[in-house]
Amino acid sequence: MKTNIILIGGGGHCRSLIDVIEAEGSFTIAGIIDQKERIGEKVLGYEIIGCDEDLEKIFNDIKHAIVAVGQVKSPDIRINIWERIKKIGFKTPTIVSPRAYVSKHAKIGIATVIMHDALVNANAIVGDNCIINSKALIEHDSQIANNCHISTGAIVNGGTIICEGTFFGSNAVAKESITIAAKSFIKAGSLVK
């Protein structure tokens, strides 16, 4: 039997996340939480059932939640939502697309989502509440700290350390064995040396 889960946030990242959750098959999406004025709308067929102030009430019936808000300029919204749902008591699972490859020798934190066609190689560590987006490559021995977004098609070469809250843009490439400071914003297409 599948476990019910709610998604917090009803925008573009939510739509991509719905696709991954449907493909992964462990969860039934029981609804989406977004702004009060959007209650009753649907996102890819799933109803927006409440807003932030309804989370405690929803927790009476649904025990799993995942942050479905994307991250570009700042990780703060994702962090605040994640802290709030943890405080309420929601379980925040790790969700891995069946089209992704995660080495059995890699470690993935809680509340992290590995999207379609991403690859996390041997001895890589990905922290909590991260997005490893479609076709991203996390090479061997890399460390991605909590609350990071590694964007579509990004390449994090071996031994690289990406510190907490960093946004690593689409098609950006990190040279091997470098450290990227916390809350960095790496533009799309950048070569980070």
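Of these, 73, 91, which one is touching a His at 6+ places or on another chain (Cβ under 7 Å) and of a type in the set (D, E, K, R)?
Numbers: 73 fails: touching a His at 6+ places or on another chain (Cβ under 7 Å).
Exactly one residue qualifies, and that residue is 91.
Of the residues that make up the stretch 11-32, is at least one of a type in the set (Lys, Arg) and assigned to a loop (DSSP other than H, G, I, E, B)?
If we filter the stretch 11-32 for residues that are of a type in the set (Lys, Arg), which is where we start, we get 15.
Narrowing the set further to residues that are assigned to a loop (DSSP other than H, G, I, E, B) leaves none.
Within the stretch 11-32 (the criterion being of a type in the set (Lys, Arg) and assigned to a loop (DSSP other than H, G, I, E, B)), the answer is no, since none of the residues qualifies.
Scan the stretch 138-171 for residues that are buried (at least 22 other Cβ atoms within 10 Å of the Cβ), hydrophobic (A, V, I, L, M, F, W, C) and either closer than 17 Å to residue 73 by Cα or modelled with pLDDT under 95 (or both) and report the count.
Total satisfying the criteria: 6.
So in the stretch 63-97, with the set limited to residues that are among the basic types (Lys, Arg) and in a loop (DSSP other than H, G, I, E, B), which one is surrounded by the fewest Cβ atoms within 10 Å (Cβ to Cβ)?
That would be 73.
Return the residues of the stretch 6-30 that are surrounded by 19 or more Cβ atoms within 10 Å (Cβ to Cβ) and either in contact with a Gly (Cβ under 7 Å, 6 or more places away or on another chain) or outside the structural domain of residue 55 (by TED's automatic domain parsing) (or both); say none if nothing qualifies.
The answer is 6, 13.
Quick check: anything in the stretch 176-193 assigned to a loop (DSSP other than H, G, I, E, B) and either modelled with pLDDT under 95 or closer than 28 Å to residue 27 by Cα (or both)? Can you show your working first?
Here is the first cut: in the stretch 176-193, the ones assigned to a loop (DSSP other than H, G, I, E, B) are 176-178, 181-184, 187-190, 193.
Narrowing further to those that are either modelled with pLDDT under 95 or closer than 28 Å to residue 27 by Cα (or both): 193.
Looking for residues that are assigned to a loop (DSSP other than H, G, I, E, B) and either modelled with pLDDT under 95 or closer than 28 Å to residue 27 by Cα (or both), one finds at least one in the stretch 176-193, hence yes.
Select, from 135, 104, the only residue that is assigned to a loop (DSSP other than H, G, I, E, B), over 22 Å from residue 73 (Cα atoms), without any contact (Cβ under 8 Å) to a residue 24 or more places away in the chain and of a type outside the set (S, T, N, Q). It would help to see each step written out before you state the result.
On the way: 135 fails: over 22 Å from residue 73 (Cα atoms).
Only one candidate qualifies: 104.
Quick check: is even one residue across the stretch 62-80 more than 26 Å from residue 145 (Cβ to Cβ) and either of a type in the set (Phe, Trp, Tyr) or in the same structural domain as residue 20 (by TED's automatic domain parsing) (or both)?
The first filter runs over the stretch 62-80 and keeps only residues more than 26 Å from residue 145 (Cβ to Cβ), leaving 62-63.
Keeping just the survivors that are either of a type in the set (Phe, Trp, Tyr) or in the same structural domain as residue 20 (by TED's automatic domain parsing) (or both) gives 62-63.
Yes, because at least one residue in the stretch 62-80 is more than 26 Å from residue 145 (Cβ to Cβ) and either of a type in the set (Phe, Trp, Tyr) or in the same structural domain as residue 20 (by TED's automatic domain parsing) (or both).
Go through the stretch 116-128 and give me each residue that's under 19 Å from residue 151 (Cα atoms), assigned to a loop (DSSP other than H, G, I, E, B) and out of contact with any Leu (no Cβ under 8 Å at 6 or more places or on another chain). Spell out the reasoning first.
Step one: of the stretch 116-128, the residues under 19 Å from residue 151 (Cα atoms) are 116-121, 124-128.
Filter once more, so that each one left must be assigned to a loop (DSSP other than H, G, I, E, B): 116-118, 121, 124, 127-128.
Matches in the stretch 116-128: 116, 117, 124, 127, 128.
So residue 28 passes all but one of these: (1) over 27 Å from residue 187 (Cβ atoms); (2) under 16 Å from the mean Cα position of the chain (by Cα); (3) of a type in the set (S, T, N, Q). Which condition number does it fail?
(2)
The values are calculated or read from the model by the stated rules, or taken from the named source; none is laboratory data. Not measured: the values here are computed from a predicted model. We place every Cβ from the backbone using ideal geometry, glycine too, and count neighbours over all the protein chains shown.
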